[in-house]
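The structure appears right after this line, and notes come after that.
Nothing in this text is a laboratory measurement; each read-out follows from the coordinates by a stated rule. Predicted, not measured: the structure shown is a model, and the values here were computed from it. Here the Cβ positions follow ideal geometry from the backbone for every residue, glycine too, while neighbour counts run over all protein chains shown.
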2 protein chains.
Amino acid sequence: MYGREVETALKSKNISVGDFIRAKWRGSIFEGLLMPRPDVGDENMVVLKMKNGYNIGLKTLDLDLVEKQKTTEKPLKIESNPALPPISVIATGGTISSKVDYKTGGVHMLMSAEEILSTAPEIRKFVKIKSIVNPFTIASEDINYREWVKLAEITAKQVNEAEGAVILHGTDTMHYTSSALSFMLPHLSKPVVLVGAQRSQDRPSRDGVLNLTCASIFSVSNHAGVSIVMHGTSNDDYCLAIPGTKVRKMHTSRRDAFRPINAKPRAVIFPDGKIEFKDEVKKRSEDEVKADTSFNPKVGLVKVHPSSDPEIIDFFISKNYKGLIIEGTGLGHVPTQTIRKEDSWIEWIKKASKEMVVGITSQCVYGRTHPSVYSNLRLLRKTGAIHCEDMLTETALIKLSFLLGHDYERKEVEKKLVENLAGEINKRITIDEFLN
Amino acid sequence: MYGREVETALKSKNISVGDFIRAKWRGSIFEGLLMPRPDVGDENMVVLKMKNGYNIGLKTLDLDLVEKQKTTEKPLKIESNPALPPISVIATGGTISSKVDYKTGGVHMLMSAEEILSTAPEIRKFVKIKSIVNPFTIASEDINYREWVKLAEITAKQVNEAEGAVILHGTDTMHYTSSALSFMLPHLSKPVVLVGAQRSQDRPSRDGVLNLTCASIFSVSNHAGVSIVMHGTSNDDYCLAIPGTKVRKMHTSRRDAFRPINAKPRAVIFPDGKIEFKDEVKKRSEDEVKADTSFNPKVGLVKVHPSSDPEIIDFFISKNYKGLIIEGTGLGHVPTQTIRKEDSWIEWIKKASKEMVVGITSQCVYGRTHPSVYSNLRLLRKTGAIHCEDMLTETALIKLSFLLGHDYERKEVEKKLVENLAGEINKRITIDEFLN
């Protein structure tokens, strides 16, 4: 509730929170949606959400109704051309399915899959939506390996009955999920495309429509594999499809936040339907897709830093973890010098190696780790820890969990950890695969 | 030792490991330094380090000596023009002071500061080296806050007696050190430039010479502040000077690995002495520099991920930590949903907040965190945790340690954590400050 003066003015004009209104202030006119009163601040400051997406606070009672808040629109009935290739849409939540909640001013997940699709009518030029499934609705920061298991099983089933699958997903952990699906769908014969939005649908800078259009186009193209499709630039010109194990969210808010790491983008996709493949792809086939969802979540992650305490490793030993990824510095280093030998990372990693598989990645994000360039690295190699080539930390974590979910001998897990199973290791990083 | 056949052939030609030799194999001629036999592999495979820096293994006995291994060259005596501005060089170790050890094929720290400088004679056109100090010699992965204290004190002293200081440093943690010095030298009135090398001096792709030349040039320019100066591109054309709190090693091996994050480079520096400033800088002055080295290393770092166990926080509580940085996903999220409430990150962060200051950064690397866009974020804000604006995780970790080293009230620490003290918070990130 606003203060008494404002509430009176609103009432006299039949204005409610959520209505589109016009306010005059110091000779200027402002238009926007009336937001609820913020928790803090002047109770007579009227807050409008303007067309540019930003809120403005105005101390004025000169208010006029422009348009009443529309009742929730019925989703358009999605009719597609039956001659177009069929896809399955799997909705899991995230900003791509969110709307601003006018009660709190925050963003909430609200839209049904049908509603989301109705925001991007363009896709009906390229694909026929055969089915829409909604295995769970979750903010992506809350995704857990149990969701991955469910999602892999549903995706396998859906993709067997269509030309491809488009998965709507929150962006925070989308690259963890794309990595998990890459391993859990080992003989994938069709396109599986994860897509999200960095900005909610009600903002002028919304990105979901282009992303969804490009994802749909890519999901029926002639390739097989798990990709993330998101904005290629901060304009609305094209999207990139990036291999599911070589991708990372590299910006908190930009629309082109998802970038390929140590890899080329799989393809550039334009909203008119054009696809430019940028790397070799496996061609699609009709082979049946089966999910392999064995997964052991008892794999820890530690990022080392100067003065970091290696005893943290004891937490994972005592909790009976089966794997540990250490995000080292540079080529995959840990601190080696300590006043007392028993305090050293080297000694603690030796201890850990007796109980679990230890993988080393680099906090540089880009580039390859290397176990033997420097004498300190050879010290680390002798602990039994395994440098994970050019794998992303996030991918290494998921791959090790996947391998440890299986009935392999330890030697086999260690061997497979540095073998390329799902595009996660690139033997030849090229010069343009940095900050692309 | 190689196998008997190879050793016999080497002996007959008076060739030893480390000599520059010529080998014929299948009609081709290969030249390079004879390397020791690797630990594994064919004992009669002769290994040469070629001029391009790579090793080749050849199964041949057709070997000829080109040049005996030179005895360690005496460093050139460094004579500078007394009219040039004086700098102090502070050598701490790292690849910039390393040479390949022909005994092991690995890289060892060998060179004295004088030797290093003699590799870059160009610098004598721009500066006069007033003093060379060597407070410690350490691989940068082994740097600890105790070294930072020592280094800050020495740097303050040295810079008061010169126009600027150049610090030779290993690259792995150079950005942690530049951040530590940025806080520990709060009223810095002169340039302090950290410089390193990604490739050792004996490699054709060596980068130390250009880096050292540009660092020297920048260290006597009209500005004040801590910067890292390293290759701007993978060519030898220019270097970037990047603010000490807004820089990160973003590639394990590339020469242009150090990039500005959420900031502009401070300047572009050309080896002919030209400097193009790219952002506003504080001008130099003769104000005395004093180090403020109070520092509390009891600050932990946790990177969250799907299925991560929040009980790890108990490790830091039980060890009486005073601060914790949580590297969240996206805008600064942690998982909020768990089967049992007491297992949730939110509950554990609440517990931690009672004992210590908790800061939230983003594993996206680029962009700003935001405490209130989504309802889950507001949940996190209510725990008492503080979103650290656009600060790098590494910088936030060091800043919180620095603040907690001082006699501030907790409220004061929390307030200063999100105030810009040393360029670590950029209120206006521009569009070109991504993947630059």
Suppose every Lys and Arg Cβ carries +1 and every Asp and Glu Cβ carries -1, with no other charges. What dipole size does chain B come out with about its Cα centre, to the nearest 20 debye? 320
Once the dipole of the protein assembly as shown is set up from charges on Cβ (+1 Lys and Arg, -1 Asp and Glu), the residue from the list A:Pro265, A:Phe295, B:Val418 lying farthest towards its positive end is A:Pro265
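Could you work out the mean count of beta carbons from other protein chains within 10 Å of each residue's beta carbon in B:141-150?
That works out to 5 on average.
Once the Cα gyration tensor of the range B:313-374 is diagonalised, what are the square roots of 5 times its eigenvalues, in whole Å and ordered largest first, as equivalent ellipsoid semi-axes?
Working: eigenvalues 84, 49, 17 Å².
Whole-Å semi-axes of the equivalent ellipsoid: 20, 16, 9.
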Going by how many other beta carbons lie within 10 Å of each one, how would you line up B:Tyr145, A:Tyr366, fewest first? B:Tyr145, A:Tyr366
Would you please classify the overall shape of the range A:299-417 from the alpha carbon gyration tensor, given that a ≥ b ≥ c denote the square roots of the eigenvalues, rounded means a/c under 1.5, and beyond that prolate means a/b larger than b/c while oblate covers the rest? oblate
Using Cβ counts within 10 Å as a stand-in for footprinting exposure, how do B:Arg368, A:Arg284 rank, fewest first? A:Arg284, B:Arg368
So the label point sits 7 Å from Cα along the Cα-to-Cβ vector; using that for A:Phe277, what distances do you get to the other copies, in nanometres, sorted shortest first? 5.2
Unit charges at the beta carbon, dipole of the range A:86-277: most positive-side option, A:Ala120, A:Ser140, A:Tyr176: A:Tyr176
Could you identify which residue out of A:Val418, A:Val334, A:Val66 has the top mean-square fluctuation in a GNM of chain A using Cα springs shorter than 10 Å? A:Val66
Spin-label zone in the range A:323-338 - amide nitrogen under 14 Å from a point set 7 Å from the Cα of B:Arg146 along the C-beta vector: A:336-338
I'd like the FRET efficiency for A:Asn134 and B:Ser205, computed as 1/(1 + (r/R0)^6) with the beta carbon distance as r and R0 of 51 Å, rounded to 0.05. 0.45
Cysteines without a disulfide-compatible partner in chain B, using Cβ under 4.7 Å as the rule? B:Cys364, B:Cys388
What distance in nm separates the simple spin-label points at A:Lys278 and A:Asp236, each placed 7 Å from Cα in the Cβ direction? 2.2
Need the list of aspartates and glutamates near A:Lys415 for cross-linking: C-alpha distance under 18 angstrom, and skip anything on the same chain fewer than eight residues off. A:Glu355, A:Glu389, A:Asp390, A:Asp407, A:Glu424
For chain A, set up a Gaussian network in which alpha carbons nearer than 10 Å are linked by springs, and say which option among A:Phe183, A:Phe30, A:Phe136 fluctuates the most. A:Phe30
Using a cut-off of 16 Å between alpha-carbon atoms, which aspartates and glutamates can reach A:Lys290, once sequence neighbours fewer than 8 places away in the same chain are excluded? A:Glu153, A:Glu161, A:Glu163
At the level of C-alpha centres, the distance separating the range B:378-436 and the range B:281-348, in angstrom, is 11
Protection proxy ranking, peptides A:425-435, B:263-273, B:216-226, average beta carbon neighbours within 10 Å, highest first: B:216-226, B:263-273, A:425-435
Simple Cβ-charge dipole of the protein assembly as shown, Lys/Arg +1 and Asp/Glu -1, about Cα centre, in debye nearest 20: 300
Take the alpha carbon gyration tensor of the range B:4-67, find the square roots of its eigenvalues, order them as a ≥ b ≥ c, and report rounded if a/c is under 1.5; if not, report prolate when a/b exceeds b/c, else oblate. rounded
Mind telling me which of A:Gln337, A:Gln158, A:Gln201 comes out most flexible in a GNM of chain A, alpha-carbon contacts under 10 Å? A:Gln337
Going by the alpha-carbon gyration tensor, a ≥ b ≥ c the square roots of its eigenvalues, is the range B:86-277 rounded (a/c under 1.5) or, if a/c is not under 1.5, prolate (a/b greater than b/c) versus oblate? rounded
For B:Lys290, B:Lys322, B:Lys59, A:Lys190, what ranking results if the residue with the fewest other Cβ atoms within 10 Å of its Cβ goes first? B:Lys59, B:Lys290, B:Lys322, A:Lys190
Let me have the relative contact order for chain B, percent, based on Cα pairs under 8 Å that are six or more residues apart. 11
Past the 23 Å Cα-Cα mark, which pairs from B:Lys24/B:Lys51; B:Lys350/B:Lys416; A:Lys157/A:Lys298? A:Lys157/A:Lys298
What is the range B:304-436's relative contact order, in percent, from Cα pairs under 8 angstrom and six or more apart in sequence? 22
